[in-house]
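Right, one structure below, let's go through it.
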Amino acid sequence: MENSKQLRTWLDDLKLDHPLVIAGPCSAETEEQVLKIAHELKDSDVSYYRAGIWKPRTRPGNFEGVGALGLKWLQKVKAETGLKTATEVANRAHVELALEHDIDLLWIGARSTVSPFIVQEIADALEGTDKIVLIKNPVNPDLALWLGAVERLASANIKKLGVIHRGFSTYEKSKYRNNPEWQLAIELQTKFPDLPLINDPSHITGRRDMVFDVCQTALDLNFDGLMIETHFDPDNAWSDAAQQITPSTLIQYTKDLKIRNESITEADYNSELQKLRAQIDVADNQLLETLGKRMKVAEAIGALKKEKNVAVLQSKRWNEILGKMVLDGEQHSLSEEFILKLFKAIHQESINHQKQILKG
Ligand code: PEP
Ligand code: MN
């Protein structure tokens, strides 16, 4: 992506003194619903009003969106409130209809980003237009696949690009609906600092009580904006009911969230430090999660040893692990002394967990 600086011109041109906010319901349900939410968001920090018209549902039989009819409601939103409009497109027909109805911002959903054929079809259909296009991360944590989609749109001469971080599917259950894997978003931001990066706390958390904290983490990590699902009656929303917040909650959040100073020239020492600390917090949480997982595996081994009546401590295997860790540690600039101390502590904790199992 040459000239990546121009990718964010659209965002700079908005001249916002706060992060970009995109909000609105997961799905357009009725004309009244779409307009009521839009009017409640009219005098807020929201610049773009989102509503899904075609809904990609994981399993059939759920509400799959109102279809093209909803585009007319979005046109009314723009006429009545002045909010710009946004919707998800997943094929050429969607793009053509969205263009006909003068939708301002189109996004590509996580289930579409995984398919280069679909992304290419959308890119071809958009060629030559000046729409803003935001690309959600693919459902799987694959940075190359995400960037590949950005490149396909950049090659189709789409100048107003950005990405949305909505978290990643995992087989294991976690407290998130879609695991944030913040390190991936940070890597993308480091590689392409000019590509606007928007956070979608709604699809990351899947739960409205966690939305605020994820918003704050995103801002601490210097994200450019937020896309938040908003509904006047979240519990009765036709899709993603558990994660939507009311317009008044959203407005309160925009007041309570702390915005860190963005540009390095203006940024004082403290705000720079805050950002780095937020990255450390993310890394620390990952360490804890990984250690927790490791102990669970150790416990499973403990159960196996108990069944076969084998000793907990097997020093030959342990010495092999240590040797390998010292070598691997070197590649991450970690000293031998540190690796030995760290793994001794981890090993001791594992043994304690296994002993517990053998006793229990
Ligand atoms: C959505 O934004 O409503 C949506 C379907 O999101 P995702 O593609 O992230 O699942
Ligand atoms: Mn949704």
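The values are calculated or read from the model by the stated rules, or taken from the named source; none is laboratory data. Predicted model only: the values in this text are computed from it and were never measured. Glycine gets a Cβ as well: all are built from the backbone with ideal geometry, and neighbour counts include every protein chain shown. Ligands, DNA and RNA are excluded from the accessible area calculation, which covers all protein heavy atoms including side chains. Shrake-Rupley method; radii C 1.70, N 1.55, O 1.52, S 1.80 Å.
Out of Ile37, Ile22, which single residue is within 15 Å of ligand 2 (Cβ to nearest atom) and under 20 Å from the mean Cα position of the chain (by Cα)? Write out each step before concluding.
Numbers: Ile37 fails: under 20 Å from the mean Cα position of the chain (by Cα).
Within the list Ile37, Ile22, the selection yields Ile22.
Among all positions in the range 23-35, there is at least one residue which is within 18 Å of Lys131 (Cβ to Cβ), at pLDDT 95 or above and assigned by TED's automatic domain parsing to the domain that holds Ala98. Quick one: would you say Glu187 is open to solvent by less than 60 Å² (accessible area, probe 1.4 Å) and either part of a helix (DSSP H, G or I) or within 25 Å of Ile132 (Cβ to Cβ) (or both)? For Glu187, the condition - open to solvent by less than 60 Å² (accessible area, probe 1.4 Å) and either part of a helix (DSSP H, G or I) or within 25 Å of Ile132 (Cβ to Cβ) (or both) - is not met. Only one of the numbered conditions (1) surrounded by fewer than 22 Cβ atoms within 10 Å (Cβ to Cβ); (2) over 27 Å from Ala149 (Cβ atoms) is violated by Val34, and that is (1). Within the range 192-225, which residues are closer than 28 Å to Glu151 by Cβ and within 14 Å of ligand 2 (Cβ to nearest atom)? Matches in the range 192-225: Asp200, Pro201, Ser202, His203, Ile204. Considering (1) part of a loop (DSSP other than H, G, I, E, B); (2) in contact with a Gly (Cβ under 9 Å, 6 or more places away or on another chain); (3) not hydroxyl-bearing (Ser, Thr, Tyr), the lone condition that Gly162 does not fulfil carries the number (1). Take the residues of the range 216-247 that are of a type in the set (Val, Ile, Thr) and either surrounded by fewer than 19 Cβ atoms within 10 Å (Cβ to Cβ) or within 13 Å of the chain's Cα centre (by Cα) (or both): which is nearest to Ser27 (Cα to Cα)? Among those residues, the one meeting the criterion is Ile228.
When you check Asn222 against the structure, is it in a loop (DSSP other than H, G, I, E, B), among the polar types (S, T, N, Q), more than 13 Å from ligand 1 (Cβ to nearest atom) and over 28 Å from Thr290 (Cα atoms), yes or no? Judged against the criteria, Asn222 is not a match.
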